[in-house]
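Read the structure below first, then the notes.
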Amino acid sequence: MADDTDIPTLRRILGTCKTIAVVGLSASWYRPSYFAAKYMLDHGYTIIPVNPAYPEVLGQKCYPRLQDIPMPVDMVDCFRKAEEIPALADDAVAIGAKVLWMQLGIVNEAAKAKAEAAGLEVVMDRCVKIEHARLFGGLNWIGVNTRVVSSRRPRWLPY
């Protein structure tokens, strides 16, 4: 099933979850995980890379597992295969995350049910970068239909 998270919920999640653990973050600049994390880092979010293959990504210390992160995490953003998500949902619950976010193309209903039962909010099959740009004023500048209509100029933009 596709994600049915509404716009106010996505806006609230992205407005309040400022520390994001990115599981599967690659150090290769051309990978989607890299440019999504870089975008969020450039927009004021704290990015915590989680990948055992690297000591550092985007200038941030990289951790091999979620349980190794020494600070509170608001959101666990998953760039992993759908079959790996249930274990990541358990880890997200164990570290006290508030949101489990599965990137584009990743849907796992069992992981969603498990995370929601533990009190986490779950977003599936959506990109953090795309949703942030769509809801906080980035995509509409280039003519993309964001399905967000407003005559008011956002206060958070620098102009």
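Please give the peptides 130-136, 8-14, 23-29 ranked by average Cβ packing (other Cβ atoms within 10 Å per residue), highest first, as a rough proxy for protection.
130-136, 23-29, 8-14
Any idea how far apart THR9 and ARG31 come out in nm if each label point goes 7 Å out from Cα toward Cβ?
Spacing of the two 7 Å Cα→Cβ label points: 2.9 nm.
Report the gain in length on full extension from LYS18 to ALA53: 0.36 nm times residue separation, minus Cα-Cα distance, nm rounded to one decimal.
10.1 nm
Would you calculate the volume per residue, in Å³, of the smallest convex hull containing every Cα atom of region 8-140?
So the per-residue Cα hull volume is 101 Å³.
Can you grab the distance from the C-alpha centre of region 73-112 to the C-alpha centre of region 1-50, Å, no decimals?
Each part reduced to its Cα centre gives a spacing of 12 Å.
What spacing in nm lies between the two simple spin-label points modelled at PHE136 and ALA117, each 7 Å away from Cα in the Cβ direction?
Rounded to a tenth, the inter-label distance reads 3.3 nm.
Please give, to one decimal in nm, the separation of the simple spin-label points placed at GLU84 and VAL107, each 7 Å out from Cα toward the Cβ.
The two pseudo-label positions are separated by 2.1 nm.
Given the peptides 97-104, 112-119, arrange them by the average over their residues of other C-beta atoms within 10 Å, most packed first.
Packing order, densest peptide first, comes out as 97-104, 112-119.
None of the figures in this text is laboratory data; all of them are computed from the coordinates on show. This is a predicted model, so every value here is computed, not measured. Neighbour counts run over all protein chains shown; Cβ positions are idealised from the backbone, glycine included.
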